[in-house]
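Contents: one structure, followed by commentary.
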Amino acid sequence: MTLVYGFRKLAEQDIPEIRTRARVYEHAATGARLLSLTNQDENKVFGVTFRTPPRDSTGVAHILEHSVLCGSRKYPVKEPFVELLKGSLQTFLNALTFPDKTSYPVASTNTQDFYNLIDVYLDAVFHPRLTENTLRQEGWRYDLKKAADPLQFKGVVYNEMKGAYSSPDNQLYELSQHALFPDVTYGLDSGGDPEKIPDLTFEDFMAFHKAHYNPSNAFAYFYGDDDPDERLRILDECFSEFERARPGHLVGLQKPFAAPVRVEKPYAAGPGDQKSMFTLNFCLPEAADPDLSLAMEVLEHILIGLPSSPLRKALTDSGLGEDIAGAGLETDLRQMYFSVGLKGMARGTADQAADLVLATLESIAKDGVPAGDLEAALNSVEFDLRENNTGSFPRGLSLMFVALTSWLHDGDPLALVPFEKPLSDLKARLAQGEPVFEGLIRRHFLDNPHRALVILDPDQGLAERREAAERKRLDKAAAALSAKELKDLARQAKELEKLQEAPDRPEDLAKIPRLRLSDLPPKNTLIPRTDLTLKDTPALFHDLFTNGILYLDLGLDLSAVPDRLLPYVPLLGRALLETGTKDLDFVTLTQRIAQKTGGIAPQTFVTPARPGPQPAA
């Protein structure tokens, strides 16, 4: 088979729904994988992702994600990430740690800027300057200013995760996942448990990078209107100095439970906080099945997608809690799961709320999904698929994570990207009268013993006990150190502080690539516009590709509203959508909006004015 810049092409196909040509490659020498999506989107995306399933909760994957961005062989500055931001037109620049992978994505609409970002990131992940000070700074360290001072734990990730573990919402999310997957990677905390982070040694830190950060364990991704052959050249140049290695191990499937489990834990509550929270969690099949994955997305919307959805409404109207809790449908892991619950509950009422969830699901499975709820859910999910509105995430980045859902586990990277066939197949099954969602509820929820009830109860003394346990651990560690070792720790703390405060050498800063004036387009991109008049109302029409979706922005002049009432305009906008109308109650109005549109969202724009000439904008 012919190689192009060291890559062999494994598959190629068009994806009409996103106007994209997709090519799947393997790097012959290293086994690195590449998904290359070519289209006319100027917001180009690159990402390199590694399988990084941890074997413990020391947070090694999370700490490495921070650490590789602290300087590299080619760019030996302390914070190349920060330096890049000073001279880049990036539309996304970040790194993300997941329970089973670590991703380094970048995006830019400027081609030269895009290549600059890729160059810095590839050097960062494959050739980082990892030292013991890197682990001390980004992970954890014993810290003391003077040998006689009490020992302390410090470190960027350590402090970050202490904050996360003080959040009840975060703890409920983590415990819900851990309860369903106790025997596989997903039962651990890839971000790091503050009690376990200080168990991470420098040797284990370095070994994790060596084992996981190599091309043989890499999943590279390109998206956009850049040169597809240049993508191959860039990667081959980077990968050519590596030999094939063993890829990271696959996450196994959790053995199904024979019976439901129950997990009750305390959370650190403030004075007077007596509110509990709970989730009921269901383990589902693998996420790589496009038909099941789409059907579960629609089912999630049926159950909890709208304030009027039956399961959400049953919980919020029950009076058992103040607000909905749980992640809903989670599709980022190898196996999907569904999590729903309440927070702001009286202690001891979680079982009653869990029974309500099951009773509501039983009622829907028995009586059928109301036609209005089904139409609204199907329409909303279809809008989401066609629009691919990912907020601050570039569209191409969203597609990368969709591809990784199956790709990371040795599946087809394009299994979940096209959506027209699964959508049309689902509509056909429904048109034939098949009880699709009633069957899913029965099979994957009601008759599924692999579920977990997770309850968090307030404990006003927990934070104090945790601090006392940490103090005891630190005092024990200090007692085991000699006077010389304590002095060495104080010296190391000063050296690290000096290193952090020292400026980068000008010659090293000069190595960070920056855009030149010649790299910038001489003119702004013009958006096509046609001026129209519709029934005496001026209108602007922009003829752009929107994947079959019509967007309407309707502006209403607020100049007649008195200044004292302007703060209430946002409230009015919500009330118009959430209190019903003369002819439609709240539930019917919500359903109708979801059935006929992709959503209605009020926004208020208020510009303060002052007398006299105004400066040019």
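Numbers for the structure displayed
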| item | result |
| --- | --- |
| Unit Cα scatterers, Debye sum, region 36-77: log10 I(q)/I(0) for q = 0.23, 0.28, 0.34 Å⁻¹ | -0.88, -1.00, -1.19 |
| Label-to-label distance, nm, for residues given as Asp367 and Glu578 (7 Å Cα→Cβ offset) | 2.6 nm |
| Dimensionless Rg over Rh [region 432-573; C-alpha; Kirkwood] | 1.21 |
| Positive dipole terminus of the chain, leading residue within Gly191, Phe393, Leu10 (C-beta point charges) | Gly191 |
| Residue exposure sequence - Met296, Met400 - by fewest surrounding Cβ within 10 Å | Met296, Met400 |
| Net dipole in debye of region 220-323 [+1 Lys, Arg Cβ; -1 Asp, Glu Cβ; about Cα centre; nearest 20] | 940 debye |
| Cα centroid separation, region 539-554 to region 43-101 (Å) | 37 Å |
| Pairwise label distance in nanometres, Leu526 with Asp543, each label 7 Å out on the Cα-Cβ vector | 1.3 nm |
| Stokes-Einstein D in µm²/s, Kirkwood radius over Cα pairs - the chain at 25 °C with 0.890 mPa s viscosity | 89 µm²/s |
| Cα gyration tensor shape of region 530-596, rounded if a/c is under 1.5, else prolate or oblate by comparing a/b with b/c | oblate |
| Taking all pairs of distinct alpha-carbon atoms in region 1-121, Kirkwood radius in angstrom | 16.4 Å |
| Cα-projected label distance for Ala463 with Lys511, points at 7 Å along beta-carbon direction, nm | 4.4 nm |
| Whole-number percent relative contact order across region 530-596, with pairs defined as alpha carbons under 8 Å at least 6 apart | 13 percent |
| Peptide ranges 496-502, 595-601 listed from the most packed, as the mean C-beta count within 10 angstrom indicates | 595-601, 496-502 |
| Estimated [θ] at 222 nm from DSSP helical runs (n ≥ 4, -39500 (n - 2.57)) normalised by residues in the chain, nearest 500 | -12000 deg cm²/dmol |
| Likely footprinting exposure, Phe7, Phe445, fewest C-beta neighbours within 10 Å first | Phe445, Phe7 |
| Length added when fully stretched, Arg592-Ser482, from 0.36 nm per residue minus Cα-Cα | 32.3 nm |
| Extreme residue, positive dipole direction of region 530-596, given options Leu534, Pro562, Thr579 (C-beta unit charges) | Thr579 |
| Inter-part distance where region 437-461 and region 333-403 are each reduced to a Cα centre, Å | 13 Å |
| Stretchable slack from Glu470 to Arg262, in nm (0.36 nm times residue separation minus alpha-carbon distance) | 72.1 nm |
| Total charge dipole magnitude, the chain, about the Cα centre, Cβ charges on Lys, Arg, Asp, Glu only, Debye to nearest 20 | 1260 debye |
| R0 of 60 Å, Cβ-Cβ distance Glu322-Leu534: FRET efficiency to nearest 0.05 | 0.85 |
| Label-reachable residues, region 146-187, where backbone N falls under 18 Å from a point 7 Å from Glu495's Cα toward its Cβ | 146-147, 154-155 |
| Stretchable slack from Arg55 to Ser424, in nm (0.36 nm times residue separation minus alpha-carbon distance) | 128.7 nm |
| Distant-in-sequence amide H partners of Thr52 (H built 1.01 Å from N, under 5 Å) | Lys101, Thr102 |
| Cα lying deepest toward the dipole's positive end in the chain, options Val68, Gly548, Ser318, charges on Cβ | Val68 |
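Just so you know, all these numbers are worked out from the coordinates, no wet-lab data involved. A quick note: this is a predicted structure, and the numbers were derived from the prediction, not measured. Ideal geometry is used to build each Cβ from the backbone, glycine not excepted, and the neighbour counts take in all protein chains shown.
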